[in-house]
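Since the structure comes first, as structure tokens, the remarks are kept for the end.
The values are calculated or read from the model by the stated rules, or taken from the named source; none is laboratory data. None of the values given here were measured: they were computed from a predicted structure. Reconstructed Cβ throughout: ideal geometry from the backbone, glycine too, with neighbour counts over all protein chains shown. For accessibility, only protein heavy atoms count, side chains too; no ligands or nucleic acids. Shrake-Rupley method; radii C 1.70, N 1.55, O 1.52, S 1.80 Å.
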There are 2 protein chains.
Amino acid sequence: MAKKFSELRQQMSPEAQARAEVQAQAMLAEMPLNELRQARGLSQKMLADVLRVQQPSIAKMERRTDMYLSTLRSHIEAMGGQLEIVARFPDGAVKINNFADLSGKAVA
Amino acid sequence: MAKKFSELRQQMSPEAQARAEVQAQAMLAEMPLNELRQARGLSQKMLADVLRVQQPSIAKMERRTDMYLSTLRSHIEAMGGQLEIVARFPDGAVKINNFADLSGKAVA
């Protein structure tokens with residue numbers, strides 16, 4: 001039987017609770033995929049080469065507002081990153097790991 | 001023209017950089033969707049009612065390893081949370097906001 005969120009938090013050390021608190025408040029940089037690609041110093045052509053698709057596919061992908069998690073994961077891994085799926089609640093955040101199986105195909 | 005990642009970081013205050021560092025190191029609780037639902041004190045039936053689907057749809061959804069971002073977002077919002085998509089790199093993390101448009105249909 002699963003435990004309640006509050007019980008899970010109580011099991012954390014005070015240091016871990018403090019870190020979680022800071023983390024909840026910290027502001028991450030926020031940007032769309034095309035800006036992230038540019039911030040990583042990559043062109044659409046470079047990313048297309050890594051993913052073995054044509055450049056227009058990257059352009060199209062960067063304009064999408066919905067896609068499969070696996071597609072997004074490949075795209076982010078091609079930039080050298082890791083996709084994280086987080087569910088944020090007023091009392092804490094949880095990383096969802098249903099989709100971790102898909103992370104095998106890392107691209108250098 | 002987009003700025004480089006390192007330049008973006010330099011623009012952050014020392015406090016913000018320290019927070020980002022702590023955040024990068026902090027361990028979030030990690031679990032699959034069904035455990036998250038239980039940790040929120042929700043049954044499949046309750047979630048099905050919020051999403052106006054049948055209970056077996058929830059069971060099926062919780063076993064999936066890939067899905068559309070919009071589907072996952074609805075599911076997490078039905079639990080009272082917010083979906084965050086994060087790309088984590090060795091030198092920092094970025095929240096992807098291509099998909100923010102979809103967050104309009106919050107479920108109480």
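Structure notes:
- Selection status of B:MET46, more than 8 Å from chain A (Cβ to nearest Cβ), hydrophobic (A, V, I, L, M, F, W, C) and touching a His at 6+ places or on another chain (Cβ under 8 Å): no
- Residue, nearest to the other protein chains (Cβ to nearest Cβ), within the stretch B:76-108, restricted to residues that are at pLDDT 95 or above, within 30 Å of A:ALA39 (Cβ to Cβ) and part of a helix (DSSP H, G or I): B:ILE76
- Filter result (open to solvent by less than 10 Å² (accessible area, probe 1.4 Å) and under 20 Å from A:SER43 (Cα atoms)) within the stretch A:67-77: A:LEU72, A:HIS75, A:ILE76, A:GLU77
- Within the stretch A:1-23, being part of a helix (DSSP H, G or I) and either more than 7 Å from every other protein chain (Cβ to nearest Cβ) or at pLDDT 75 or above (or both) holds for A:SER6, A:GLU7, A:ARG9, A:GLN10, A:PRO14, A:GLU15, A:ALA16, A:GLN17, A:ALA18, A:GLU21.
- Filter result for A:ALA26 (open to solvent by less than 90 Å² (accessible area, probe 1.4 Å), of a type in the set (Gly, Ala, Ser), at pLDDT 95 or above and under 30 Å from B:ALA29 (Cβ atoms)): no
- If the condition is being under 22 Å from B:ALA78 (Cα atoms) and part of a loop (DSSP other than H, G, I, E, B), then the stretch A:41-75 contributes A:THR65, A:ASP66, A:MET67.
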